[in-house]
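Quick note: the coordinates plus some simple rules give every number you see, no bench work behind them. Because the structure is predicted, anything quoted here is derived from the model rather than measured. Note: ideal-geometry Cβ built from the backbone for every residue, glycine included; neighbour counts use all protein chains shown.
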Amino acid sequence: MTGIPIGVFDSGVGGLTVLRALRSAMPAESFIYLGDTARLPYGTKSAETVVRYSLQCAAALIQRRVRCLVVACNTASASALDALRAHHPALPIIGVIEPGAQAAVAASVSQHIAVIATEGTIGGGAYQTAIHRLNPSARVTSRACSLFVSMAEEGWTEGPIAEAVARRYLDPIFQRNDAPDTLVLGCTHFPVLAAALRAVLPPQVSIVDSAATTAAAVLHQLHGASGAPGALGAVSWLATDGAARFARVGSTFLGETLAAEAVEIIDL
Ligand code: DGL
């Protein structure tokens, strides 16, 4: 085992859905996770700002020494992946959009794919580009669902309020004859809303996100997992604000209890 951790960052706790998939794919690896909670959300900010924030997140992780960087935020992947790679040419850097597009194209029979994400991700057309790279004749219907980020952060992930908001966003896409057969959750905050989305979607629609395909891409990039079989790698937790909130909300995203005392607050 190399002992050098994999760095993972997101604007907040959303990237924990990706970290969860990474840990399940490579349990013996160690990780450093950074949630830029002081500056969340990224999804409504300009691309220039998201690039600047992403470079700062990456610098904080690289300073602590990481052997690869996972951009566990679609908004940051959409706007900042090129800049991150240009600034750190020797470091493997993996975003979530390409893996998300792969999952969508693999799941869709009709190749009419819906993408929901933040304003920033939809505005830049990153998913459309990534899906068309894989299948130039695929049809992509996109919608920004900014409110889902706040609802996920607030823990309003199921029940009548979550379903009413989901209906408002999704009905115009799915309640029609030529509706897509696949929905990509193009924001790492959205997987925790899956039950509410499932409740309002036609049953034949597949829901996909980029967590598992991102973990597979990281494994591929690192040429397989390291570490002794059965060993469990450590995780260090960093956030830019609110350790207690990060731990409380993060526990839902991670699927296990996270203690506030374990979260180190840093300034970027
Ligand atoms: N989790 C981030 C993403 O995947 C967005 C949340 C935010 O707006 O900060 O796009």
*asked:* Need one number: convex hull volume per residue for the chain, Cα atoms only, in Å³.
replied: 122 Å³
*Would you mind pulling out the separation of the Cα centroids of the stretch 48-75 and the stretch 136-168, in Å?*
26 Å
_I need the P(r) histogram for the stretch 1-122: all alpha carbon pairs, bin width 10 Å from 0 out to the longest distance, whole percents._
13, 45, 32, 9, 1
*12 Å cut-off, amide nitrogen to a point 7 angstrom out along ARG64 Cα→Cβ, residues in the stretch 14-48*: 31-36
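Tell me the trypsin sites (Lys or Arg not before Pro) within the stretch 104-176 that lie in a loop according to DSSP and have at most 12 other beta-carbon atoms within 10 Å. The partial results should precede the final answer.
Numbers: sites: ARG133, ARG139, ARG143, ARG167, ARG168, ARG176; in loops: ARG176.
Qualifying residues, ordered by number: ARG176.
Relative contact order of the chain, please, whole-number percent, based on alpha carbon pairs below 8 angstrom and at least 6 residues apart. Spell out each step's value before the answer.
Details: 558 pairs, mean separation 74.6, N = 268.
After rounding, I find 28 percent.
Report, as a whole number in µm² per second, the diffusion coefficient that Stokes-Einstein gives for the stretch 135-268 at 4 °C and 1.567 mPa s using the Kirkwood radius over alpha carbon pairs.
Details: Rh = 17.5 Å.
Result for D is 74 µm²/s.
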_Mean separation of Cα contacts under 8 Å (6+ apart) over length of the stretch 132-268, as relative contact order %_ = 19 percent
*Above 16 angstrom, tally the Cα pairs of the stretch 58-147 and express them as a % of all pairs, no decimals.*
56 percent
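For every helix of n ≥ 4 consecutive DSSP H residues, a contribution of -39,500 (n - 2.57) applies; sum these over the chain, divide by its total residues, and give [θ] at 222 nm rounded to the nearest 500 deg cm²/dmol. Show your work: numbers first, answer last.
Values: 11 runs with 120 residues, N = 268.
Result for the chain, helices only: -13500 deg cm²/dmol.
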_the stretch 176-247: proportion of alpha-carbon pairs further apart than 13 angstrom, %_ = 78 percent
